[in-house]
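Asks: I have a structure I would like to understand better, so I am pasting it below and will then ask my questions one at a time.
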């Protein structure tokens, strides 16, 4: 099924990493300057079909009204998911300690998009999503991630527990993030091969998945709220891992 994405950064990342997915790009004709002109030139070189939309307001088919398109929209083929082996190859190629992220039934595309963006920014080698009862890579996820969905291997699995077992057998430690954990993440030695699991917005990590975790951790809270949004918590946890590894 064709997906629609919009915005300058998502388009630039798609052109850079997966131009073969782009079926067509539509521009708002009156504002072809700066980065939009770069998109136009790259699309021409890659022989990607281009159209100019002259009607007002700029709202091509399948684009929700009042969307901040920044004057450029693209239609792409079904998102190209990676394999678990691609994540392993990514850390091997870079010669780095493994850092993998798994989402256990995270439902909100806004959360998934924000998580992908921070994962990309902090050097995660790959992200694992679930096929059922969870959000996959959608147009909204791509837009919210600002194109980061195209920058790192994303694997879609039917059985998350089997994926965890795959990496555990590779010597990767499984860390579950939960506000109910006994230890703070800052107390742990995170300079080891790691796969971090974050859970559903309401229920957290499922008990059957938690059984696969070698250890659990939480983020210190000093105010009145008990826990953070899953995307916020993920960002803090990943930052602490990167901080420790850079010492």
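Asks: Residue 100: closer than 18 Å to residue 144 by Cα, surrounded by 15 or more Cβ atoms within 10 Å (Cβ to Cβ) and touching a helix residue (DSSP H, G or I) at 6+ places or on another chain (Cβ under 8 Å), yes or no?
Replies: Numbers: closer than 18 Å to residue 144 by Cα: no; surrounded by 15 or more Cβ atoms within 10 Å (Cβ to Cβ): yes; touching a helix residue (DSSP H, G or I) at 6+ places or on another chain (Cβ under 8 Å): yes.
No: the conditions fail for residue 100.
Asks: Further question: Does residue 113 count as surrounded by fewer than 18 Cβ atoms within 10 Å (Cβ to Cβ) and without any contact (Cβ under 8 Å) to a residue 40 or more places away in the chain? Walk me through how you get there before you give the answer.
Replies: Numbers: surrounded by fewer than 18 Cβ atoms within 10 Å (Cβ to Cβ): no; without any contact (Cβ under 8 Å) to a residue 40 or more places away in the chain: yes.
Judged against the criteria, residue 113 is not a match.
Asks: I'd like to know if the range 138-147 contains one or more residues that are over 25 Å from residue 86 (Cβ atoms) and touching a residue at least 12 places away in the same chain (Cβ under 8 Å).
Replies: Restricting attention to the range 138-147, the residues satisfying the condition of being over 25 Å from residue 86 (Cβ atoms) are none.
Scanning the range 138-147 turns up no residue that is over 25 Å from residue 86 (Cβ atoms) and touching a residue at least 12 places away in the same chain (Cβ under 8 Å).
Asks: Looking at this structure, is residue 123 on the phi > 0 side of the Ramachandran plot and crowded, with 19+ Cβ neighbours inside 10 Å?
Replies: Values: on the phi > 0 side of the Ramachandran plot: yes; crowded, with 19+ Cβ neighbours inside 10 Å: no.
Here the answer is no, as residue 123 does not meet what is asked.
Asks: It is to be established whether one or more residues within the range 213-225 are farther than 17 Å from residue 106 by Cα, modelled with pLDDT of 95 or more and out of contact with any helix residue (DSSP H, G or I) (no Cβ under 9 Å at 6 or more places or on another chain).
Replies: Yes: the range 213-225 contains one or more residues that are farther than 17 Å from residue 106 by Cα, modelled with pLDDT of 95 or more and out of contact with any helix residue (DSSP H, G or I) (no Cβ under 9 Å at 6 or more places or on another chain).
Asks: If you don't mind, another one. Do you know which of the residues in the range 174-205 that are surrounded by fewer than 20 Cβ atoms within 10 Å (Cβ to Cβ) and under 21 Å from the mean Cα position of the chain (by Cα) is modelled with the highest pLDDT?
Replies: My answer is 193.
Asks: Would you check which residues across the range 108-128 are in a helix (DSSP H, G or I) and farther than 22 Å from residue 89 by Cα and list them?
Replies: First, pick out the residues of the range 108-128 that are in a helix (DSSP H, G or I): 109-121.
Those that are in a helix (DSSP H, G or I) and farther than 22 Å from residue 89 by Cα: 109, 110, 111, 112, 113, 114.
The values are calculated or read from the model by the stated rules, or taken from the named source; none is laboratory data. Please read all numbers here as calculations on a predicted model, not as lab measurements. A quick note on method: Cβ atoms are made from the backbone with ideal geometry, for glycine too, and the neighbour counts reach across all protein chains shown.
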